[in-house]
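Written below as structure tokens is the structure these notes are about.
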Amino acid sequence: MPVFDSRFEARGRVAILVSRYHERITTKLLDGALEACGQAGLAEEDIDVIWVSGAFELGVAASAAAHSDRYLALVALGVVIRGETPHFEFVAGETAAALARVATETLVPVGFGLLTCDTMEQAAARAGGAAGNKGREAAEAAIRTANVLRQALDE
């Protein structure tokens with residue numbers, strides 16, 4: 001019985017897609033993702049950082065990156081803060097759906113580092129604060145998934 005292990009090591013290129021909206025938070029998520037990539041063995045020249053305007057644009061950027069056939073994994077980082085209008089639900093839901101679609105249609109794992117929070121304080125807690133760094137977790141998840149897919153598909 002084959003057993004596929006999601007090792008935390010990377011061979012290839014990773015693209016980190018980062019929203020400029022709420023940049024104070026997303027740069028901390030990026031720091032965590034870069035740290036994880038380094039710990040997985042990636043050199044700086046094997047990591048591309050792609051800045052987009054906002055969270056909604058992460059989907060199209062992820063699609064373009066995945067279809068380029070350059071990357072073993074993608075990491076999407078952004079922040080959507082709930083406000084007084086339904087805008088939050090549209091942006092958060094459509095962005096999540098777009099990123100999931102990219103991953104399932106291209107088989108390029110997309111680490112989901114989109115924070116969907118009620119307050120900036122909650123976002124800060126998840127970007128290196130008391131709740132850890134979700135950018136780091138997203139990068140680790142994408143790299144581990146890429147490894148297990150590579151093993152399973154190569155068998």
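Pairwise Cα distances in segment 90-155 exceed 20 Å in 39 percent of cases. Going by neighbour counts of Cβ atoms within 10 Å, the residues Phe56, Phe90, Phe8 line up, fewest first, as Phe90, Phe8, Phe56.
Could you tell me what % of all Cα pairs in segment 1-136 have separations over 25 Å? Please list the in-between numbers first.
Values: 2190 of 9180 pairs.
Summing the P(r) tail past 25 Å for segment 1-136 gives 24 percent.
Just checking the listed ones, Ala96, Ala61, Ala43: in the Gaussian network model of the chain with Cα springs under 10 Å, the one fluctuating most is Ala43. Sorting Leu29, Leu114, Leu58 from the fewest to the most surrounding beta carbons within 10 angstrom yields Leu114, Leu58, Leu29.
Could you work out which residue, out of Gly128, Gly111, Gly78, moves most in a Gaussian network model of the chain, that is, has the largest mean-square fluctuation with Cα springs under 10 Å? Of Gly128, Gly111, Gly78, the most mobile in the Gaussian network model is Gly128. Amide H contacts of Val79: Ala55, Leu115, each under 5 Å away and 5 or more positions distant or on a separate chain (H built 1.01 Å from N in the peptide plane; Pro and chain starts excluded).
Just want to confirm a number: the relative contact order over segment 7-155, from Cα pairs under 8 angstrom separated by 6+ residues, in percent.
Values: 304 pairs, mean separation 48.6, N = 149.
Normalised by residue count, the contact order of segment 7-155 is 33 percent.
Ranked by Cβ crowding within 10 angstrom, fewest neighbours first, how are Glu57, Glu94 ordered? Can you show the working numbers first?
Details: Glu57 18, Glu94 13.
Result, fewest neighbours first: Glu94, Glu57.
Coordinate-derived values only; no laboratory data. The shown structure was predicted, so the numbers you read here are calculated from the model rather than taken from an experiment. Positions of Cβ are generated from backbone atoms using ideal geometry, with glycine treated the same way; all protein chains shown enter the neighbour counts.
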